[in-house]
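To start, the structure itself, in structure tokens.
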Amino acid sequence: MQDRIGNTKEENRINLGFVDFFGYNKEFFKFLKGDPFKEVLQSVMGVNSLLDKYLLDFINSKIHELVLLYITEGLLNRGKIHTFSVGIAAPYLLKRLSMTLLAKSMPETMLIKYYPQFSMTKEELVSEIAETLYESSARVMAKDYSQLVGSPEDIEFKIRIFSHMHFGLNSIEDAKAVFTRDMEVMQPVLDSIESEINNLLQKERTVVIKDSSFLDDKDQIQAFASTIKAIDS
């Protein structure tokens, strides 16, 4: 890759900030002015947006997989935490891990403005999400189900789920006491899950689109085949 880029003449290097083109002459981009130029840039941005969408889906999938393994099976099913406290895990991890996904998407000042978690400590983020859980629980305990949506059967099912989540809790004070106790057990596990998923991510991500010249290179064909095999396994 370094040789490929290094051998590109200066007049065939186009730097447009979020995307670089190598092997395309500046005269070609002058020719593209107007709608064709806009179309090219939108296509590049579309690739990035599509990858980010699926990367977020991947993060969510890993969160649910590891929460089930380490929180539900590792702590809840062993009687180490209350069902109510499990509700913090997925939203907390998504907000923490989204910082890796979004880190280079815009200037830091804008990130903090639109994604407050960038300026929050772990404790502050836990407190923010916990308040949402407490508000929802307060309504449930008061038998206010107005926030539930769906068919009558769906609502009845959700009420049973809420009842299970709040088993043994008679007040918000009970819920807060249980949650505070459980977080001492859960935080190290949440940190471990976050670290495990973050090892699969990188803040700086680059997409390189090449031509078909690799088909004439046996080493590149072998590398391509090995990559496909690893992805399919």
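Return, for the Cα atoms of the chain, the radius of gyration and Dmax in Å, separated by a comma.
Rg, Dmax (Cα atoms, Å): 24.6, 73.
Using a 1.4 angstrom probe, figure out how much accessible area the chain has per residue, in square angstrom, rounded to the nearest whole.
68 Å²
If packing is taken as the average count of other Cβ atoms within 10 Å, what order do 213-219, 61-67 fall into, highest mean first? Each step should come with its number before you reach the end.
Numbers: 213-219: 9.7, 61-67: 16.9.
Highest-to-lowest ranking by the protection proxy: 61-67, 213-219.
Starting from region 122-161, pick out the GluC sites (Glu not before Pro) whose DSSP state is loop and whose Cβ has at most 14 other Cβ atoms within 10 Å. Don't skip to the end; give the middle numbers.
On the way: sites: E123, E124, E128, E131, E135, E153, E156; in loops: none.
Here no loop site has a sparse enough neighbourhood.
Which loop-located trypsin sites (Lys or Arg not before Pro) does region 76-156 contain, where loop means any DSSP state but H, G, I, E or B and the Cβ has at most 10 other Cβ atoms within 10 Å?
Here the sparse-neighbourhood loop sites are K143.
Name the residue from V185, A90, G6 whose Cα lies farthest towards the positive end of the charge dipole of the chain, charges +1 on Cβ of Lys and Arg and -1 on Cβ of Asp and Glu.
Value computed over the given set: G6.
If r is the Cβ-Cβ distance from M106 to I161 and R0 is 35 Å, what FRET efficiency results, to the nearest 0.05?
The value I calculate is 0.40.
Can you run phi through the Karplus equation (6.51, -1.76, 1.60; θ = phi - 60°) for region 127-138 and list ³J(HN,Hα) in whole Hz, with x for Gly and Pro?
4, 4, 5, 4, 4, 5, 5, 5, 4, 5, 5, 4
Hey, got the dipole for region 1-84? About the Cα centre, +1 on K and R Cβ, -1 on D and E Cβ, debye to the nearest 20? Kindly include the intermediate steps, with their values, before the conclusion.
On the way: 11 positive and 11 negative charges, 29 e Å.
Charge dipole, region 1-84, about its Cα centre: 140 debye, nearest 20.
Contact order normalised by length for region 1-77, with contacts defined as Cα pairs under 8 Å and 6 or more residues apart; what percent is it? If you can, show how the numbers build up before the last one.
Working: 28 pairs, mean separation 11.5, N = 77.
Here the relative contact order equals 15 percent.
Normalised by the residues of the chain, what does the relative contact order come to in percent, with Cα pairs under 8 Å and at least six apart?
21 percent
Let me spell out the model: positive unit charges on the Cβ of Lys and Arg, negative unit charges on the Cβ of Asp and Glu, origin at the Cα centre of region 44-161. What dipole size does that give, in debye rounded to 20?
Computed about the Cα centre, the dipole is about 220 debye.
Quote the relative contact order of region 100-182 in percent (integer), defining contacts as alpha-carbon pairs under 8 Å separated by 6+ residues.
23 percent
For helix 152-165, report the angle its Cα long axis makes with the longest principal axis of the Cα atoms of the chain; keep it between 0 and 90° and round to the nearest 10°.
With both axes taken from Cα atoms, the answer is about 80 degrees.
Which one of V19, I112, T72 is farthest out on the positive end of the charge dipole of the chain, using unit charges on Cβ (Lys, Arg +1; Asp, Glu -1) and the Cα centre as origin?
The listed residue farthest towards the positive side: V19.
Assign unit charges at the C-beta atoms only (+1 for Lys and Arg, -1 for Asp and Glu), then state the dipole size of the chain relative to its Cα centre in Debye, rounded to the nearest 20.
260 debye
Using the basic label-point model (7 angstrom from Cα toward the beta carbon), what is the E39 to A225 distance in nanometres?
3.8 nm
At what distance in nm do the modelled label points of K80 and D232 sit from each other, each positioned 7 Å from its Cα along Cα→Cβ?
Those two pseudo-labels are separated by 4.0 nm.
Can you give the helix-only mean residue ellipticity at 222 nm for the chain, where every DSSP H stretch with n ≥ 4 adds -39500 (n - 2.57) and the sum goes over all residues, rounded to the nearest 500 deg cm²/dmol?
Details: 9 runs with 140 residues, N = 233.
Taking each H run of at least 4 residues, the total per residue is -20000 deg cm²/dmol.
Got a number for carbon plus sulfur as a percent of the chain's accessible area, 1.4 Å probe?
57 percent
Taking only Cα atoms, what is the 0 to 90° angle, nearest 10, from helix 218-232's long axis to the longest principal axis of the chain?
The angle comes out at about 20 degrees.
Given springs between every Cα pair under 10 Å in a Gaussian network model of the chain, which of T121, T100, T83 has the largest fluctuation?
Per the Cα network of the chain with a 10 Å cutoff, T121 tops the list.
The values are calculated or read from the model by the stated rules, or taken from the named source; none is laboratory data. Predicted model, so just to flag it, every value in this text is computed and none were measured. Heads up, the Cβs are rebuilt from the backbone with ideal geometry, glycines too, and the neighbour counts pull from every protein chain shown. Accessible surface is based on the protein model in full, side chains and every heavy atom, while ligands, DNA and RNA are left aside. Shrake-Rupley method; radii C 1.70, N 1.55, O 1.52, S 1.80 Å.
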